[in-house]
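Enquirer: Structure below; questions to follow.
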Amino acid sequence: MTDQRRAYVGQHVYVGIDVHKDTYTVTCVHHKRIVKTATVPADPAGLAASLPRWFPGATLWTAYEAGFSAFVLHRALTQAGITNIVVNPASIAVAANDKVKTDRRDAKKLAFDLADGRLCGIYIPTEQEELGRLLPRTRAQIVEHRARVARQIKAKLHQFGLIAPGNRRLITHRYLREIETWSLPVELRMSLSWLAEQWRFATRQLIDIRRLLRDQAQSQPRLEGVYRSVPGVGEVAARILATELGDLTRFANERALFSYTGLTPSEYSSGTAVRRGPISRQGSSRVRHVLIEIAWRAVSRDAALHEIFERIAATRGKKRAIVAIARRLVGRIRACFRQGTRYAVGTYA
């Protein structure tokens, strides 16, 4: 072993990784100094094997931003004995006048922030938890696709004056069968037929996914029981919350939970002036949207929540009021998990 390689024994080396589909750009920092930069193929196992070879005997700390690549790289690094964190990109401080962005600069920023202790990792789900999230997320994609196809069908009907501009009739199996009886030019008939088949196929897929979601719910009776006890939560919303949030006792406090869901108010303060703005919108937008939808349904089913909603809405408006209800609601769900009980309507102050 050369003197240079021996110098890393017992030392700490901090590695920032800028992740792309084809390559990883890596910057390595030791004693506040860049000791290596490299661009390597996007091979998680390969990078996990290379880092200990570059710095034999060193304690390695790595970080990369959360994104499309999810946690495959994280798992490869941790299995190799490397301490890794995955960082929310929005949590990385960037100077207002910094207008240059390159892969190497991003990796350098990650490495120095990691060395200085300025980075905080996000929650890393297990592989099983990731798999559990696939069903609700895929369902949402298919719902969006089916809605887009329905709009395309209506657009063609509008284009040729076959329905009134104010027509609000929804696309259904019955409506599609009715359209098929109309006498239409062959080009229009075939276009509508192809779109109708896409809509029907997506509908069949949604039926299959709902069946799988019910099977998934039966395999998680505790999570399902708590979430389904909440007013306004149906079987789909329960699955989204169960797979995205899981057992809420994993959050150390309500503040951490509100931050994760993006329901924490933003703040602009200077000196003695304190001004709180709209919610931060950080965290999971998927969970936040579901919680807002649930809150609208819950205020009509829980008298205590309705009273709070009306009181806040009277002075701050309905939009802010419903966000406050969503925040209070998810806090109550966490209390149910902590106490080992189910949600009881009207019993919370």
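Enquirer: Of everything in segment 119-168, what is touching a His at 6+ places or on another chain (Cβ under 9 Å) and of a type in the set (A, V, I, L, M, F, W, C)? Give them in sequence order.
Expert: 124, 164
Enquirer: Between residues in segment 31-44 that are more than 13 Å from residue 13 (Cα to Cα) and residues that are part of a loop (DSSP other than H, G, I, E, B), which pairs lie under 9 Å by C-beta distance while being six or more apart or on different chains?
Expert: 41/22; 42/20; 42/21; 42/22; 42/69; 44/69
Enquirer: Take the residues of segment 146-171 that are open to solvent by 60 Å² or more (accessible area, probe 1.4 Å) and under 18 Å from residue 204 (Cα atoms): which is modelled with the lowest pLDDT?
Expert: Looking at the filtered set, the residue picked out is 170.
Enquirer: Identify, from the list 341, 315, the residue that is among the hydroxyl-bearing types (Ser, Thr, Tyr) and open to solvent by 70 Å² or more (accessible area, probe 1.4 Å).
Expert: Numbers: 341 fails: open to solvent by 70 Å² or more (accessible area, probe 1.4 Å).
Exactly one residue qualifies, and that residue is 315.
Conditions (1) aromatic (Phe, Trp, Tyr); (2) within 23 Å of residue 70 (Cα to Cα); (3) in contact with a Gly (Cβ under 9 Å, 6 or more places away or on another chain), marked per residue:
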residue	(1), (2), (3)
123	yes, yes, no
128	no, yes, no
142	no, yes, no
149	no, no, no
157	no, no, no
160	yes, no, no
164	no, no, no
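Enquirer: Next up: If you go through segment 282-301, how many residues are closer than 14 Å to residue 321 by Cβ and not aliphatic (A, V, I, L, M)?
Expert: 2
Enquirer: Separate question: Among the residues of segment 245-265, count how many are under 14 Å from residue 333 (Cα atoms), open to solvent by less than 10 Å² (accessible area, probe 1.4 Å) and either within 14 Å of the chain's Cα centre (by Cα) or not aliphatic (A, V, I, L, M) (or both).
Expert: 3
Enquirer: Residues to consider are 76, 96, 63, 90; find the one that is modelled with pLDDT under 95 and under 30 Å from residue 131 (Cβ atoms). Before you say what the answer is, go through the steps one by one.
Expert: Details: 76 fails: modelled with pLDDT under 95; 96 fails: under 30 Å from residue 131 (Cβ atoms); 63 fails: modelled with pLDDT under 95.
Every option except 90 fails the conditions.
Enquirer: Kindly indicate whether residue 212 is out of contact with any Asp or Glu (no Cβ under 9 Å at 6 or more places or on another chain), surrounded by fewer than 20 Cβ atoms within 10 Å (Cβ to Cβ) and either in contact (Cβ under 8 Å) with a residue 40 or more places away in the chain or aliphatic (A, V, I, L, M) (or both).
Expert: Yes: the conditions hold for residue 212.
This table checks each residue for (1) over 20 Å from residue 260 (Cα atoms); (2) at pLDDT below 90; (3) open to solvent by 40 Å² or more (accessible area, probe 1.4 Å); (4) of a type outside the set (Lys, Arg).
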| position | (1), (2), (3), (4) |
| --- | --- |
| 283 | no, yes, yes, yes |
| 301 | yes, no, yes, no |
| 308 | yes, no, no, yes |
| 336 | no, no, no, yes |
| 346 | yes, yes, yes, yes |
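Enquirer: Can you pull out every residue in segment 185-202 that is touching a residue at least 24 places away in the same chain (Cβ under 8 Å) and either over 27 Å from residue 135 (Cβ atoms) or surrounded by 15 or more Cβ atoms within 10 Å (Cβ to Cβ) (or both)? Break it down stepwise before answering.
Expert: Just the residues of segment 185-202 that are touching a residue at least 24 places away in the same chain (Cβ under 8 Å), to begin with: 188, 191-192, 195-196, 198-200, 202.
Residues satisfying the conditions are 188, 191, 192, 195, 196, 198, 199, 202.
Enquirer: Next up: Which of the residues belonging to segment 45-80 are of a type in the set (Lys, Arg) and in contact (Cβ under 8 Å) with a residue 12 or more places away in the chain? Walk me through how you get there before you give the answer.
Expert: Applying the first criterion (of a type in the set (Lys, Arg)) to segment 45-80 yields 53, 75.
75, the sole residue that qualifies.
Enquirer: Among (1) farther than 30 Å from residue 249 by Cβ; (2) at pLDDT 95 or above; (3) not acidic (Asp, Glu), which single condition is residue 135 missing?
Expert: Exception for residue 135: condition (1).
Enquirer: Could I ask something else about it? Could you check segment 320-334 and list, in sequence order, the residues that are closer than 16 Å to residue 264 by Cβ and open to solvent by 10 Å² or more (accessible area, probe 1.4 Å)?
Expert: Hits for segment 320-334 are 320, 323, 324, 327, 328, 334.
Enquirer: If the requirement is being modelled with pLDDT under 90 and either under 30 Å from residue 144 (Cα atoms) or in a helix (DSSP H, G or I) (or both), which of these qualifies: 276, 255, 320?
Expert: Details: 276 fails: either under 30 Å from residue 144 (Cα atoms) or in a helix (DSSP H, G or I) (or both); 320 fails: modelled with pLDDT under 90.
Of 276, 255, 320, the one residue that is modelled with pLDDT under 90 and either under 30 Å from residue 144 (Cα atoms) or in a helix (DSSP H, G or I) (or both) is 255.
Enquirer: Now for a different question. Are there any pairs with C-beta distances below 9 angstrom linking a residue in segment 322-338 that is under 13 Å from residue 306 (Cβ atoms) to a residue that is part of a helix (DSSP H, G or I) and basic (Lys, Arg), with the two at least 6 apart or on different chains, and if so which?
Expert: Here the result reads 324/316, each pair linking segment 322-338 to a residue that is part of a helix (DSSP H, G or I) and basic (Lys, Arg).
The values are calculated or read from the model by the stated rules, or taken from the named source; none is laboratory data. Because the structure is a prediction, the values reported are computed rather than measured. Here Cβ is always computed from backbone atoms with ideal geometry, including for glycine, and neighbour counts include all displayed protein chains. Keep in mind that these areas ignore ligands, DNA and RNA; they rest on the heavy atoms of the full protein, side chains included. Shrake-Rupley method; radii C 1.70, N 1.55, O 1.52, S 1.80 Å.
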